[in-house]
Amino acid sequence: MTAGSLAAGDSFTGALTRVAGEAVSSYAILQGTLALNSNYTLSYVGATLTIGGAFDQKAAVLAEMQALRASVTDRQDARKLDDAIDRLADSLDARLWRNPADGVRLDSRKGERAIELEKNAVEKLEEIIRSRSNTIPDAMLQGFATRIAAADRLLATVAIADAQAAGGDAR
């Protein structure tokens, strides 16, 4: 709803739907069965659901860390956050990715370097958390680390699925 409210006892029925798919892509969100009774005129404005890959997830974390950096005034926190930002940025180097545009696969020969850089970035975030004089909320820093780890789990899941599809062993 963009304005007003429904009368007492009235409610929406049904549900929105979306075009099926789980791959990294954009999918239309459709009106589906969403409806109101005849006392209302329902106008649906379409929307899009975008599923991003690990690359996109890490790029989003990087952007948030960079935005946070602008407000950090403590020198030690700033230096460690700068180190974490630099390492995460380096992990997004296109040469480390098989196809940065799809963002779901690291280069088979160079991709391990991206994981090592991300590990270093998380270690720097953990150093800030452990600092007694930390001026950045621990929950924010932990959130960054958790999201980086989740993106790496996605990369691992895709790599395992690719290996299985090629006849490899899942172990």
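The values are calculated or read from the model by the stated rules, or taken from the named source; none is laboratory data. Model, not experiment: these values are computed from the prediction. Ideal geometry is used to build each Cβ from the backbone, glycine not excepted, and the neighbour counts take in all protein chains shown.
Do we find that N134 is part of a loop (DSSP other than H, G, I, E, B), polar (S, T, N, Q) and out of contact with any Cys (no Cβ under 9 Å at 6 or more places or on another chain) in this structure? Taking the combined requirement at face value, the residue satisfies it.
Of R95, R87, R18, which residue is surrounded by 15 or more Cβ atoms within 10 Å (Cβ to Cβ) and among the basic types (K, R)? Before the answer, list the steps.
Working: R95 fails: surrounded by 15 or more Cβ atoms within 10 Å (Cβ to Cβ); R18 fails: surrounded by 15 or more Cβ atoms within 10 Å (Cβ to Cβ).
Exactly one of R95, R87, R18 is surrounded by 15 or more Cβ atoms within 10 Å (Cβ to Cβ) and among the basic types (K, R), namely R87.
Give me the pairs, please: first residue somewhere in segment 51-67 and buried (at least 18 other Cβ atoms within 10 Å of the Cβ), second residue anywhere and hydroxyl-bearing (S, T, Y), beta-carbon distance under 7 Å, and either six or more positions apart or on two chains. As it stands, the answer is K58/S91, since those pairs meet every condition given.
Residue selection: A163 fails the criterion of being free of Cβ contacts under 8 Å to residues at least 40 places away in the same chain, closer than 22 Å to T50 by Cβ and out of contact with any Phe, Trp or Tyr (no Cβ under 8 Å at 6 or more places or on another chain). Each residue in segment 122-154 was checked for being closer than 17 Å to A67 by Cα, touching a residue at least 24 places away in the same chain (Cβ under 8 Å) and of a type in the set (S, T, N, Q), and 1 pass.
Could you identify the single residue in R18, R69 that is basic (K, R) and not assigned by TED's automatic domain parsing to the domain that holds R130? Give the derivation first.
Details: R69 fails: not assigned by TED's automatic domain parsing to the domain that holds R130.
None of the other options fit; the residue is R18.
Scanning segment 42-85 for residues that are under 26 Å from L16 (Cα atoms), of a type in the set (S, T, N, Q) and part of a helix (DSSP H, G or I) yields a single hit, Q57.
Condition test on L42, is it of a type outside the set (G, A, S) and either in contact with a Ser or Thr (Cβ under 8 Å, 6 or more places away or on another chain) or loosely packed, with under 12 Cβ neighbours inside 10 Å (or both)? Yes. Would you check if I148 is assigned by TED's automatic domain parsing to the domain that holds A63, crowded, with 16+ Cβ neighbours inside 10 Å and of a type in the set (V, I, T)? Spelling it out, I148 is indeed assigned by TED's automatic domain parsing to the domain that holds A63, crowded, with 16+ Cβ neighbours inside 10 Å and of a type in the set (V, I, T). Looking only at residues of segment 21-36 that are at pLDDT 90 or above and β-branched (V, I, T), we find that the one that is surrounded by the most Cβ atoms within 10 Å (Cβ to Cβ) is I29.
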